[in-house]
Amino acid sequence: MKDKIVMPLWTCCLFIVVMNTTMFNVSLPVIIHDLQITSDLGSWVISSYSIGYALSTVIYSRLSDRIPVRKLLTVGLLILGLSSLLGLFAHNFAILLLTRILQSAGAGVMAGLGLVIASRYIPVERRGAAIALISSGSAMAFGLGPIVGGLISEYWGWNGLFAITVLVLLALPVLLYFLPRETVKTDQPFDVIGAILTVINATTLLVAITQQSWLWFAVGVISLVAHLLYIQKASLPFVNPQVFRTPGYTRLILIGFCVLVVNLGNLFLMPLVLADLYGRSSLAIGLLIAPGAIVAAFCTRFVGRWIDRYGNMRFMIIGHTLLAAVLALFMLGLDQSALIITSGYLFFSPALSASMASLNNEASRVLPKAQIGSGMGMLQLIQFFGGSVSVAVCGLLLHSIPGVSVEQAYHVVYACLLLVCVVSLGLTVWHSRASRSGIKPVTLDN
């Protein structure tokens, strides 16, 4: 595989896919006004894409164990591109929501298969750099999405946001040309029932949190119990229980959950702080956040090489330490100046990219080759679920603490994120010590 061509192009596509979330954040008030819908309905423009993206990511990753990557990529990008064309003409809420759901069904192919092809076709000595490159695409998208969304919405209207996503169709023929051809694996059937139960589990629990519904929570718990019982009887379940027996993998899952809680929680809070405390416009908010994303992308080439040279755990610990320091800065000084957010994110964004690249590279190292697809897919599903939970919980905390001003509420929520980061740092140190003490993970050659 020509990874020097495939991985940068893949990163560009992933950048567009991830930016498709943050672009719509700044345009949501305009969409609500234009379509004459309530805020609750409008929130589903964002949440439907996030939920579908998380679920389709693990499904594509799991399917890669049985279906060639080229076929999955073709299906995913065609769904994403064609649904984006439909979005250009979405002038009522029903079509808009349908478009966002279809977009999410195709978008997961980039995140779901990116780590799979890096783990399968790039040598270990260069894999860290490739995974760091993918992580930089996500970091850039989170930072630049508000700017792009604000500019397009202001000059072309929110329907113009869909034109950006159509661009992924241009990358499809190039990727198909350079990706290796694989043998179709038809000896193992795909667990459709398990996939459906996974979708129900994630969807019901996320809806329960976002809607604060005990009924949906009960449905989610019942579906989760039913899924666990099903896994015990299924011969080749969609959620492969074998991956959780890999030494260290469960710790990495928990770390990934915590890191995305911290990341998406912070990305949710920063624009609100800049708007509520400093009165910044959507475009100004994007401009204040963008430098951190640009620095993260610039540092990627060096971080990837350093990870390959010095190992994953060192950079996971360094990244977590920097994240904790920035969150402490935000917690104590976010009401001093808007530049506190900008300067802090200059360190937060590259630290996050280093942490995620190291985490994903470590997961690809400990997982047996036969479990790369299911293991990496589950890792990403848990990560995205953590991010979705984080946004919902942060939003609830901001408005549910009695007797606390808005300014004080931000301090409290950032303190919660700092606590999660410290827990994640503790898990990282534990994993590092366990790896050095003779509990050696299964390698790709096993």
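The values are calculated or read from the model by the stated rules, or taken from the named source; none is laboratory data. What you see is a predicted model, and the numbers here were worked out from it, not measured in a lab. Glycine gets a Cβ as well: all are built from the backbone with ideal geometry, and neighbour counts include every protein chain shown. Calculation scope for accessible area: heavy atoms of the full protein, side chains included, ligands and nucleic acids excluded. Shrake-Rupley method; radii C 1.70, N 1.55, O 1.52, S 1.80 Å.
At a glance:
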read-out	value
Criterion: open to solvent by 10 Å² or more (accessible area, probe 1.4 Å), modelled with pLDDT under 75, of a type outside the set (Ser, Thr, Tyr) and assigned to a helix (DSSP H, G or I) - qualifying residue of 126, 120	126
Answer from 37, 67, 51 - the residue that is at pLDDT below 85, over 18 Å from the mean Cα position of the chain (by Cα) and either assigned to a helix (DSSP H, G or I) or under 19 Å from residue 153 (Cβ atoms) (or both)	37
Boolean, residue 283 is more than 16 Å from residue 18 (Cα to Cα), in a helix (DSSP H, G or I) and open to solvent by 50 Å² or more (accessible area, probe 1.4 Å)	yes
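Conditions (1) open to solvent by 50 Å² or more (accessible area, probe 1.4 Å); (2) part of a helix (DSSP H, G or I); (3) under 22 Å from residue 408 (Cβ atoms), marked per residue:
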| site | (1), (2), (3) |
| --- | --- |
| 257 | yes, yes, no |
| 267 | no, yes, yes |
| 270 | no, yes, yes |
| 279 | yes, no, yes |
